[in-house]
Amino acid sequence: MNAVKACIFDLDGVIVDTAKYHFIAWKQLADELGFSFTERHNELLKGVSRMRSLDILLEIGKIEKSEAEKQVLAAQKNERYVVFISRMTPDEILPGVRQFLEGLKEKGIKIVLGSASKNAPMILEQIALAPLFDAVVDGNQVTRAKPDPEVFLKGAEKVKANPSECIVFEDAMAGIEAAKAGGMRCVGIGDAEILGKADLVIPGFMDFTVEKLFAHFC
Ligand code: BG6
Ligand code: MG
């Protein structure tokens, strides 16, 4: 098996639970447009880019908008979302994540962020995890959304790792497909029934250690 040189982390749903904030902001937009948007609908937006999320939301409401109107709506939604994330603190880091990242650091493994979110740098600053990351690739730096592997391949390149030396941590199917398409191994965070395509699925980082990672992948 290949050595592990870098671990690439998705942000939303892996390091922090921001889906609840995305949900409130999208729901407010749907309310204003006059249709209901549920938590079940919100599941469809996980791992999906901002503009694609808006398209899905408008499909749910059976509403058509011009490109210019969509830009305005997406900006409105983002303004509301940013209010929530600007209040985030390190307390919102999901259980076990910091310890796991510190364990990787001790072993000299590169830590990379590979997120579809354009707000990723702001969130990393808010939760004070930015110093632990050797490289960050976010939604501002990619042209093709997951399941395209661009975000992860760029991350690997930034730390000079081959894809076969990288392990991706993802909570969304699109992200797992992106890791696989990029020739990387992948740990799914969440439900094994949904994330079955990952090489390993864990419910979260609580009780997950670098030793357990190595036992599985090395
Ligand atoms: C992903 C989230 O990480 O980022 C999606 O899972 C979100 O739900 C996407 O739509 C884009 O986020 P942002 O912050 O650029 O609007
Ligand atoms: Mg995610």
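Quick notes
- Just checking the listed ones, Asp138, Asp17, Asp171: in the Gaussian network model of the chain with Cα springs under 10 Å, the one fluctuating most is Asp17.
- Here the accessible area of the range 1-120 is 50 percent carbon and sulfur, with a 1.4 angstrom probe and all protein chains present.
- Put simply, the range 19-85 fits an ellipsoid with semi-axes of 16, 14, 11 Å; these come from the alpha carbon gyration tensor as the roots of five times its eigenvalues, largest first.
- Taking every alpha-carbon pair under 8 Å whose residues sit at least 6 apart, the range 76-218 reaches a relative contact order of 20 percent.
- For the range 56-147: rounded, prolate or oblate by the Cα gyration tensor [a/c cutoff 1.5]: prolate
- Cα-based helix-to-principal-axis angle, 19-33 vs the chain, degrees rounded to 10: 10
- Heavy atoms of the protein chains alone define the surface here; on that basis the range 19-85 has 56 Å² accessible area per residue at 1.4 Å probe size.
- Computed over the alpha carbons of the chain, Rg followed by Dmax gives 17.2, 54 Å.
- Total formal charge among the other residues, if their Cβ is under 11 angstrom from that of Ile176, Lys/Arg +1 and Asp/Glu -1: -1
- Between helix 50-60 and the chain there is an angle of about 50 degrees, using the helix long axis and the longest principal axis of the Cα atoms.
- Label zone at Asn162 (point 7 Å along Cα-to-Cβ), backbone N below 17 Å, the range 194-218: 218
The values are calculated or read from the model by the stated rules, or taken from the named source; none is laboratory data. What you see is a predicted model; the values in this text were computed from it and never measured. Note: ideal-geometry Cβ built from the backbone for every residue, glycine included; neighbour counts use all protein chains shown. Keep in mind that these areas ignore ligands, DNA and RNA; they rest on the heavy atoms of the full protein, side chains included. Shrake-Rupley method; radii C 1.70, N 1.55, O 1.52, S 1.80 Å.
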